[in-house]
Structures are given as C-alpha cells and as structure tokens.
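K.L.:
What follows is a structure written as structure tokens; I'll ask about it next.
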Amino acid sequence: MLGYHNYPTLDIGEFAVKSGVITSSVDRFEYKIKGTGAHAAKPEQGNDPVIVLGQLINSVQSIVSRNMSAFDNAVVTIGEVSSGNTWNVIADHAYVQGTVRSFDEDKRNEIEQRLKAIGDGLAKAFNVEIETIYHRLPGAVVNDEKLTNDAITVAKEVGYNVSIMDEPLTIGEDFSGFSQQYPSVFVFIGSNSEYDLHHPKYDPDERILEKVPDYFVTFVQKLLNEV
C-alpha cells in the first residue's frame, strides 16, 4: 500500500520518509469517578471525588517518567478535567480524559494496563467507583524497508528533494490499518503552510499536488515491472 500526507513545516517539493515506525499510535482514555456529594462544610458526610482527581492526575503523569525507560518514547497527556458546578458543595462525580501516543505495541499495552491499575487502585484506596475506559484508535504506521527504499528512488526520479527523517512523528494516521496488514510505505510532502495541520487557518499551497500523480504512477509501474 502506498500513501502520503502533506506536512506544513516542509517546503514545496520536499519529501520526507523513514523506514520502520513513522507515526505513533493514538489512543484516548477516560476516567469516570463516582463519589458522594455533601455540603462543603461537612466533608465527612461525603466522599470527595476531587481529592481522588488530584491523586489520579499525579499518578497518570508518573507512568512515562517512572514506568518507562529513558529510551522508550511515549506521551500521556490529560486534556480535560471536570468536577462540580459551584463553590460550596462537594461534587458527587469527576471526569478526566486524555490521550496516549506510543510507537511500540508492547509499551502501548503497558500504558493501558497502568492506566487501568491506577483507576482500580484509587477506587479501593478512596472507596469510590472509578470506571476506566480505554479507546484504541489508529496504531503506529510502520513502513516496509524495501518499499521505503523504492519510495526514495521514485521520489528523486520525479523531482522531489528527499530527506530521511531521524525520528517518527507523534501524530495519528489511520493508514496504519493498511500497514498492519500489507507491506506499505507512507510519506510526507511539503505544503509550506504558516499554520499547522487541523488549524482553522491551515492553507496548504496547492502546488503540492503537481508531482503527486507522477510519484504514484511511476511507483506503481515500478512495482508492476517487478512482478
């Protein structure tokens, strides 16, 4: 399978690729904490989910720093936290959600297990109910070595300025579904935009499309000639 994505930090005519993992997996996690509400002046009558929330945030942020080797690349980010709706009432619930980015399937599994263990442990420690939900979204895109070398050859042939990436990107790409099933290569071409991907003002230079048809046609012809 052959695929590409435009990339704003690359200039028009630039072509970036690497063999092996080129993008991270992207997962989403949620915690739903159910405590017992009470008046703020009588905390002993309730079971405060906000206290649990604070412990949860610290525990989640320790996964990468304390459970992963310095040579393992992963990101665990909390993007939303909410609880309560007024100043003098102990809320009865709290909510947390965030994202996990990783490049290795074993580390991906380990992070998922740690997130669930943290939820289970805090539920017991604070006598609350915690539902941990883990959504597996696109996995890491893995480029086939031979097809990567072919892509470099073809890209140079059709006039791209080729660069070899030193590190994969922590972005998600559903092309990973193909790369998990078939030999594949996924590349990035420069779109020279002031704003990043998915920014409301993202405006790629349409000249990026000039060489794309030649790239794919030439690549397919090369593969057919090898059959």
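The values are calculated or read from the model by the stated rules, or taken from the named source; none is laboratory data. Not measured: the values here are computed from a predicted model. Here the Cβ is made from the backbone with ideal geometry for all residues, glycine too, and neighbour counts use every protein chain on show.
K.L.:
Look at ASP27 and say whether it is in a strand (DSSP E or B) and either in contact with a Pro (Cβ under 8 Å, 6 or more places away or on another chain) or under 30 Å from PRO183 (Cβ atoms) (or both).
P.N.:
On the way: in a strand (DSSP E or B): yes; either in contact with a Pro (Cβ under 8 Å, 6 or more places away or on another chain) or under 30 Å from PRO183 (Cβ atoms) (or both): yes.
The answer is yes for ASP27.
K.L.:
Can you work out which of the residues in the range 14-33 that are out of contact with any helix residue (DSSP H, G or I) (no Cβ under 8 Å at 6 or more places or on another chain) and not hydrophobic (A, V, I, L, M, F, W, C) is surrounded by the fewest Cβ atoms within 10 Å (Cβ to Cβ)?
P.N.:
So the first thing to find is which residues in the range 14-33 are out of contact with any helix residue (DSSP H, G or I) (no Cβ under 8 Å at 6 or more places or on another chain), and the list is 14, 16, 21-22, 24, 26, 28, 30, 32.
Imposing the further condition that a residue be not hydrophobic (A, V, I, L, M, F, W, C) reduces the set to 14, 24, 28, 30, 32.
Working: GLU14: 19, SER24: 26, ARG28: 14, GLU30: 16, LYS32: 16.
So, considering only residues that are out of contact with any helix residue (DSSP H, G or I) (no Cβ under 8 Å at 6 or more places or on another chain) and not hydrophobic (A, V, I, L, M, F, W, C), the one surrounded by the fewest Cβ atoms within 10 Å (Cβ to Cβ) is ARG28.
K.L.:
If we scan the range 164-182, do we find a residue that is more than 13 Å from TYR4 (Cβ to Cβ) and among the aromatic types (Phe, Trp, Tyr)?
P.N.:
Looking for residues that are more than 13 Å from TYR4 (Cβ to Cβ) and among the aromatic types (Phe, Trp, Tyr), one finds at least one in the range 164-182, hence yes.
K.L.:
Being modelled with pLDDT of 95 or more and exposed (fewer than 14 other Cβ atoms within 10 Å of the Cβ) narrows it down to one of THR99, THR77, so name that one.
P.N.:
THR77
K.L.:
For the range 201-210, state whether one or more residues are outside the structural domain of GLU44 (by TED's automatic domain parsing), hydroxyl-bearing (Ser, Thr, Tyr) and either at pLDDT 95 or above or touching a Leu at 6+ places or on another chain (Cβ under 8 Å) (or both).
P.N.:
no
K.L.:
Further, regarding this structure: Any idea which residue in the range 105-119 is nearest to HIS135 (Cα to Cα), counting only those that are surrounded by 17 or more Cβ atoms within 10 Å (Cβ to Cβ) and not basic (Lys, Arg)?
P.N.:
Residues of the range 105-119 that are surrounded by 17 or more Cβ atoms within 10 Å (Cβ to Cβ), as a first pass: 107-108, 110-112, 114-115, 118-119.
Those left that are additionally not basic (Lys, Arg): 110-112, 115, 118-119.
Numbers: GLU110: 14, ILE111: 12, GLU112: 9, LEU115: 12, ILE118: 16, GLY119: 15 Å.
Ranking the candidates gives GLU112 first.
K.L.:
Step by step: first the residues of the range 34-57, then only those that are within 19 Å of TRP87 (Cα to Cα) and among the aliphatic types (A, V, I, L, M), then the one that is surrounded by the most Cβ atoms within 10 Å (Cβ to Cβ). Which residue is that? Working first, answer last.
P.N.:
Going through the range 34-57, the residues within 19 Å of TRP87 (Cα to Cα) turn out to be 34-54.
If we keep only those that are among the aliphatic types (A, V, I, L, M) too, we end up with 38, 40-41, 50-53.
Details: ALA38: 17, ALA40: 14, ALA41: 9, VAL50: 15, ILE51: 17, VAL52: 25, LEU53: 21.
The residue in question is VAL52.
K.L.:
Another question about this same structure. Can you name the number of the only condition in (1) loosely packed, with under 12 Cβ neighbours inside 10 Å; (2) within 20 Å of GLU112 (Cβ to Cβ) that ILE63 fails?
P.N.:
(1)
Here's the yes/no breakdown for (1) touching a residue at least 24 places away in the same chain (Cβ under 8 Å); (2) polar (S, T, N, Q); (3) in contact with a Ser or Thr (Cβ under 9 Å, 6 or more places away or on another chain); (4) part of a strand (DSSP E or B):
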| residue | (1), (2), (3), (4) |
| --- | --- |
| VAL52 | yes, no, no, no |
| GLN55 | yes, yes, no, no |
| ASN58 | no, yes, no, no |
| SER69 | no, yes, no, no |
| VAL81 | yes, no, no, yes |
| VAL100 | yes, no, yes, yes |
| GLN113 | no, yes, no, no |
| GLY119 | yes, no, yes, no |
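K.L.:
Test SER69 against the stated conditions and say whether it is modelled with pLDDT of 95 or more and within 23 Å of THR170 (Cα to Cα).
P.N.:
So SER69 does not fit the description; no.
K.L.:
If you don't mind, there's one more thing I want to ask. Quick one: would you say ALA125 is loosely packed, with under 15 Cβ neighbours inside 10 Å, among the small types (Gly, Ala, Ser) and under 19 Å from VAL100 (Cα atoms)?
P.N.:
No: the conditions fail for ALA125.
K.L.:
What residue, of THR148, THR86, is of a type in the set (Ser, Thr, Tyr), buried (at least 18 other Cβ atoms within 10 Å of the Cβ), modelled with pLDDT of 95 or more and not in a strand (DSSP E or B)?
P.N.:
Going through THR148, THR86 in turn, the sole match is THR148.
K.L.:
Check off (1) modelled with pLDDT of 95 or more; (2) more than 20 Å from the chain's Cα centre (by Cα); (3) among the charged types (D, E, K, R) for ARG136 and give me the number that stays unchecked.
P.N.:
Condition (2) is where ARG136 drops out.
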